[in-house]
Each structure stands twice: as C-alpha cells, then as structure tokens.
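Read the structure below first, then the notes.
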Amino acid sequence: MSSQALNRGALVQSRAVRVTFFEDRAEVTRRARIAVGAGASFTAIGGVTALVDDPSVVARVLHDEKGPEKDAAKGPARVIATRVSRKEREISQAGEDELQRLQTESQAARVRRSSAEGALKRATSRRDRCQAALSGIVEALKRVPRGGTEGTARFRAASSALDRELSAGLDEVSRRQGELLLAREDEGRVLLRLREGQMLHPRYETSIEVQVDARTAGEVEIEMVYRTPCTLWRPEHLARAVPVADGRTPDSAAGASAAPGHGGAYELALTTWAVVWQATGEEWKDVECRFSTARPAQSASPPLLRDDVLSLRRKTDQEKRTVVVEAREQSIALSGLSRGERAVEEMPGVDDGGEPLWFAALRPATLQSDGLPVRVEIASVRLPCVVDRVCFPERSPAAHLRATATLLGTAPLLAGPVRVARGSELCGRGRVHFVGKGEPFELGLGVDDGIRVRRHVEDRRETVPVLGTQKLTRTVKLYVSNLGGVKKRLVVIERVPVSEIREVEVIALSSTGAALDPRDGMARFEVEVPAGGTREFQISYRIEAAAKVALDWL
C-alpha cells in the first residue's frame, strides 16, 4: 500500500527544455529529477499549465546512454502511468512578504494619524485658553478700570500679548489640521492596499502525477511531453537590400548599369522570425524552440462529394441578338515569376506537396506568459539580386524600386508580412507569398520620390456604315519626369486588352519603343531619363467589335 501511495513530499518542479509550436497550439517537453523508492509509487511534478491536454501526456524515464541500461524497457526504472491533477485553492492577492510590509505601513500610518490628532487637540486647547483670556480682558474693560493711565497701559500690553498668542495658536491649529488630513489620507491609502492584498482569489494548481516502477530506491530523471492551447506562431520577415562593397548608391548603381531599366549589383538580406504568442501560464526560459506548419487540429478525412447537376435552357431573343462583353482582371496562377533564373526543374506547390515544414530557432529563447509577441529568429540568408525601378501609371504615378532574386538554401520562404529596408533605412511594410527553394521572386523596396509619371488617354469611336462594326481607337500618352540629380532608368508597364472571343479583336497600331507581350497584354517601356528631364512615350491600339457586341465597359 505504501509503494502505491502518492509521495507526500514537496511538489517536484520541472523545467521546460523544448517547445514545438504549431498553428494554434504547442507541444512542450519538460524534465524533472525525482526521488523514488523501490517498487511502484506516484510523484507529483509541477510547473505544468492548467490547460494541458490530458490525453496527450506522455512520460518516460531518461537513462544514461553511456551505461548498461540504455534501453528504457530494461532500465532500473520505468513509467507505468500518468495522470493530470488539478487543484483549486484560495490565496491572497499579495504574497506573505507584501502583506507583512503593508501591515507595517498601516501601523506606522495609524501612529502618525494618532500623533496628528494629539497635536491638533493641544493646539486647539491653547487657542481656546487665549480666547478665554481675551474675553476676560474685554469684560474687565467694560467696567471703569482703576489706576488711571498706568492701568490702561497694563490692559493694553496684556491685550496685545494675548492677541499675538491667539494668532500663533490659530496658525498652529490650521497647520495641525492639514497634517491630520494628510495622515488620514495616507492611512486610508495604506488600508485600501492592505484590503486589496488580503482579498482572496482562486488559484488553480496543476501537476502531473507519474507512477514509476523502480527496482531500487534512488533518483531518476523524468521527461514529459504534452500539448497545450493558448499559444501560436506566425512567420515574419525582414528584407534588406544592400549594395555590394563597391561604394555605389542605388541611384548611381542603377544609372551605371548596362542593361536598361535594371539596377546594379545588390544583395538581399532576408531574415525570418517566428513571432510567438503564449498565454499558457507557464514560463519557458532558455528553451529550444521548433516551429511546424503542420495542423494537428485539422480534419484528416476527405470531404464528401455531391452531384453537380447541370441543366439546359434556351436563349432568349435578346441574348441571341446581343453579345455582352465584360472586362475582368486575370491573375496568372503559377509558382514563382515568369522572369528570373530558376534553380530547380520542377516547381513545388504552395504547401510543398502537403508535407509539413519544420524550422528550428537559431538560439534558445525565453518566452513569458503575458500574451505579448516575441520574435525568435529561425533563418537568415543573403541572396544576390537585381534592383530596378518599375511604374504602373494606370495604378499610380509613382515609381517603385523592385528587387528580383532567386531563393537559395535548404528551406522555402513562408508567406507572411515583411518589413522592407534599403541599406540602413526602413522604407515600409509588405507581404511575401510562399516561395519554394530555387524559385525567383520579387520584393518591393518602396517608392522612388524622384520619378513621376503622368498618363493621358485619348479615345476615338466610330461605326462602319451598313455593317455596324464598332471601332475604338485608344492612344495612351506617358510623360516620365526625373526630379533627381542623376539619370535614372525604369520600366513603365501599360496594359493592352486581350480578347478571348472572336467577336472582339484587339489590334496594336503603334508604340514608342514598347515591347508588347500578346499573351497577357503587358507593354513594357524601358526608359532612361536624364537628370531634371522629361521623356514622352505613347502606345495606340484599336478594338473592333461586331454590331451585336455591347462595349459599354470601355
């Protein structure tokens, strides 16, 4: 019976050695050294959050791998069972030391208040005696005094002395009343803090009771693994574009490049952090952190399919006579960029084929249970990149710096927010999508204030007689101004509609040095603008549609 009983000694505290973070929970590994007797016995191990998932608790005895008992099943001790124990007890808001200090302050405040009351009482008695003496002199003066001039002088001298004494007494009473008021306020504040500290609130204590079967009495080291909610992590990045060690600035490097529209030699320093939040009630000090993209809470069963029933209907006469054309934004779904250099032959999927990814912290971290975000560095890489300027005047008149690089290394780049910097200057925030190993990608590096682009559109509509063919000729004029002191190169991209039906045809007429991609309709102008200068470019195209096509969207 004694071997099966719970060890009634002090609660054994454990320490967290490793934490594995998932999307919405964490797996904690804790260790503790406990003293066990021969046979089977329970020992309570503390330091565990009350949110622990009971079925996930797994415990084992760690054995010295250098010794003969390397196999846990054949070692001198083994864990038979585990159970989670939760207790609730009421404790005061403040600790014992704090309560003792507050009681001492309360006693001192009570003494100061009592002393102030005694001083005020003495000052009031002094004032009352002076007032009574003055009243006696006034009553005596009402009668005819004897002694003539000498008697009058004595009354005057006594009255003046009593008046000065009364004035001093009044001042002392006023001062003592102020001291008493302050003493009472101090005593009230101390008593309020004392009552707050003495207030009871429930405290939930959780421990894991481990049943260990040992051959002989001694100390063993227990390792416990369990999962807990109220903790999560998300990736965050810092991208810093740094010129190579040639002393060139972004403007001079971009101006000296031989390729129009492209910048000089740069490096993109990418640092990835895991931003961690935890409010489990545990303190994780100098723990080894791992981060996983797996989702243990996600359902592993495939969804049920339902029949998708299609039905036919006849077109109305109005639908037969008119073709309604609508413009839409088309997003090309592919992994990586269409430009840039690829380092892999096969493009991985967004989730890397559904295989979970693991990341390890570069150094141990301390995570307090306060719900505040803590950044833990998990990766850092420097990539060669090309920095150029690009402008989409249909969207914005500003030019943006853009870095294009190929992701090297052994780990992909997770999707998440990114802080962007040029050299030592932080220039903004953005978002990066998932980038696989060996994939080209791009990052915006902020706005170039020295470049402005103005866009002007001219439309000319006409209808062919008899046939009713509609023609819309559009001319887009672009004016690029350089407000800086050095010449700059940039790429200006203008969109040309792409038709997907035979009733509508788009014909490119003319352009000023534009390279038009007929697949996506993007026209690229590679522009070089001198310092303080302005360049003008234009592109023209015609949209032809049959009479029955409605072009109201243009």
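The values are calculated or read from the model by the stated rules, or taken from the named source; none is laboratory data. Here the structure is a predicted model, which is why all the values come from computation and not from measurement. Cβ atoms come from the backbone with ideal geometry, glycine included; neighbour counts cover every protein chain shown. Heavy atoms of the whole protein, side chains included, go into the accessibility calculation; ligands, DNA and RNA do not. Shrake-Rupley method; radii C 1.70, N 1.55, O 1.52, S 1.80 Å.
Around the amide H of residue 18, modelled in the peptide plane, lie the amide H atoms of 29, 288, all under 5 Å away and 5 or more residues distant in sequence or on another chain. With a Förster radius of 35 Å, plug the Cβ-Cβ distance of residue 382 and residue 528 into 1/(1 + (r/R0)^6) and report the FRET value to the nearest 0.05. Rounded to the nearest 0.05, the efficiency is 0.75. Rounded to the nearest whole Hz, the Karplus-based 3J(HN,Hα) values (6.51 cos²θ - 1.76 cosθ + 1.60, θ = phi - 60°) of segment 234-244 follow the sequence 9, x, 9, 10, 10, 10, 10, 8, 10, x, 5, with x at glycine and proline. Once the Cβ-Cβ distance between residue 242 and residue 311 is put in as r, and R0 is 60 Å, what FRET efficiency do you end up with, to the nearest 0.05? Plugging the Cβ-Cβ distance into 1/(1 + (r/R0)^6) gives 0.50.
Each of residue 286 and residue 129 was given a label point 7 Å from its Cα along the Cα-to-Cβ line. The distance between the two points is 7.1 nm.
Couplings 3J(HN,Hα) of segment 190-206, computed from phi: 5, 5, 5, 5, 5, 5, 5, x, 7, 5, 9, 9, x, 10, 9, 10, 10 Hz, in residue order, whole Hz [Karplus 6.51 cos²θ - 1.76 cosθ + 1.60, θ = phi - 60°; x for Gly and Pro].
Using a 1.4 angstrom probe and counting only protein chains, how large is the accessible area of residue 400 in Å², to 10? Rounded to the nearest 10, the figure is 70 Å².
Return the FRET efficiency for the residue pair residue 510, residue 108: r is the Cβ-Cβ distance, R0 is 56 Å, and the value is rounded to the nearest 0.05. Calculated transfer efficiency: 0.05.
You can think of it this way: the chain between residue 550 and residue 98 has 154.6 nm of extra reach, that is 0.36 nm per residue less the Cα-Cα gap. Phi angles across segment 180-185 convert, under the Karplus curve 6.51 cos²θ - 1.76 cosθ + 1.60 with θ = phi - 60°, into 3J(HN,Hα) values of 5, 4, 5, 5, 5, 5 Hz, Gly and Pro given as x.
Remark: spin-label model distance residue 174-residue 501 equals 9.5 nm, labels positioned 7 Å along the Cα→Cβ axis. Near residue 82, once Lys and Arg are set to +1 and Asp and Glu to -1 for all other residues with Cβ below 11 Å from its Cβ, the sum equals 0. Averaging 1/r across all pairs of distinct Cα atoms in segment 197-245 and inverting the result yields a Kirkwood radius of 18.4 Å.
Based on alpha-carbon atoms, the Kirkwood radius and the radius of gyration of segment 409-554 give Rg/Rh equal to 1.10. Rolling a 1.4 Å probe over the protein heavy atoms leaves residue 358 with an accessible area of roughly 130 Å². Given a 1.4 Å probe and the protein chains as shown, residue 199 ends up with an accessible area of around 110 Å².
Pairs of Cα atoms in segment 149-220 fall into 10 Å distance bins, from 0 up to the last occupied one, in shares of 14, 14, 13, 12, 11, 10, 8, 6, 5, 4, 3, 1 percent. Hydrodynamic radius of segment 364-458 by the Kirkwood approach over all distinct alpha-carbon pairs: 16.0 Å. Model label sites at residue 493 and residue 88, defined 7 Å from Cα along the beta-carbon direction, differ in position by 6.0 nm. Both radii come from the Cα set of segment 479-554: Rg as radius of gyration, Rh as Kirkwood radius; their ratio Rg/Rh reads 1.13. Across 392, 155, the residue with the most accessible area heads the list, and the full order at a 1.4 Å probe is 392, 155. When the trypsin sites (Lys or Arg not before Pro) in segment 465-536 are filtered for DSSP coil states and for at most 11 other beta-carbon atoms within 10 Å of their beta-carbon, the remaining sites are 502, 519. In terms of accessible area, using a 1.4 Å probe and ignoring ligands and nucleic acids, 388, 128 rank largest first as 128, 388.
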